[in-house]
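Inspection log for the structure reproduced underneath, given as structure tokens.
Here, each number is a calculation from the coordinates, and none is a lab measurement. Keep in mind it's a predicted model, so treat the numbers as computed, not measured. Note: ideal-geometry Cβ built from the backbone for every residue, glycine included; neighbour counts use all protein chains shown.
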Amino acid sequence: MVGQDLKSIQADAQKQMAVDTAHKTGWKRGALLSLNLAQGGSRNWAAGAEKFSLAFAGSANLFANYIHNKWSWNNNLSLNYALVNTTSLGVRKNDDRIDFFSRVGYALGPNFDLSGIVTFRSQFSDAFEYNYLGAGLQHRISGLFAPAYITVAPGITWKPVNYFNVFISPISARWVIVSNNPYSYYYQGGVSPTGQVETPLATTYGVDPGQKVKIEIGAFLSANFNKEICKNVVYISRLDLYSNYLKDKRLGDIGDGQSRPENVSVYWTNAIAMKVNKWLQVTYNLDLIYDDDIRQFGPNLNSAGLQVRSLLGVGFAAKF
């Protein structure tokens, strides 16, 4: 009975994110839903600790894949949201992601497809800086469609094994959108009482706030890995690289109107899922982003920087 349960767990883990070699034709759909909760507290703790903390994290990974003769169509939607509530800081968001990936392909051979890809990334709710201008002010720095990224790319997919593939497009289009309150000034008119001029939110993402959308033309690469690396442990990774060929038309002191294709935008998301039993799962997520257009870091909050986010969770998971 125990051996049978382990086999069932292993089979579930292998199929979490649509890696299914038995799928030969027609539609294959599924979803993995997870909910993680953590609560902590202390009283008279000399080493120092929050009196109360509560963390919530929810995620949904949905896929719908279609195969017909030499044609294939793969769709994946990842939704993540997490909040932390502590006595000293109140409620803060520490994960928020909408990520859609769609690829249609026509097989040119056993390892190569002629492909087209569409991707979309944004978030659900506003995020804030909590010490704006060094004055302890709460200032909006992102939100739904602030920004959003849409990429459309034709190219070739190389599939050496069923758990790893690389898509390459020498010419693709990417739209950077900041249409939801693109100025987001804290002060009326964007000028503080001391005369300090605020930078529009859209500008910190390389977008003219008056136009709300910037188009880029460049090269795009997407590498995907999805494998059970050991019993009941699945590793899922996606790396997207984008190089913009066009001249930089950013405003103010952010850009000088030059083309810099060597400044590659990086989006790398990683997830490890460890199945404990049918309903209990341990997950670890690590995301890294670098985009030279995102200028919100450094001592003057106008420099690019590597963005890193990690989240460890233990909770309930359900697969459909």
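If you build the Cα gyration tensor of the range 66-171 and take the root of 5 times each eigenvalue, what three semi-axes come out, in whole angstrom, biggest first?
Taking √(5λ) for each Cα gyration eigenvalue gives 40, 14, 11 Å.
Got a sec to turn the phi values of the range 265-273 into Karplus ³J(HN,Hα) couplings, 6.51 cos²θ - 1.76 cosθ + 1.60 with θ = phi - 60°, whole Hz, x for Gly and Pro?
Per residue, the Karplus-derived 3J(HN,Hα) values read 7, 10, 10, 10, 10, 9, 9, 10, 10 Hz.
So, in nm, how far is label residue 276 from label residue 307 when the simple model puts each one 7 Å beyond its Cα toward the Cβ?
In this crude spin-label approximation the distance works out to 3.1 nm.
Residue by residue through the range 106-112, which ³J(HN,Hα) values in whole Hz follow from phi under the Karplus form 6.51 cos²θ - 1.76 cosθ + 1.60 (θ = phi - 60°), with glycine and proline marked x?
Each residue of the range 106-112 in turn: 10, 5, 8, x, x, 10, 9 Hz.
With no solvent and one equal point scatterer per Cα, compute the Debye intensity ratio I(q)/I(0) for the chain at 0.13 Å⁻¹ and report its log10, rounded to two decimals.
The Debye formula, applied to the Cα set alone, gives -1.07.
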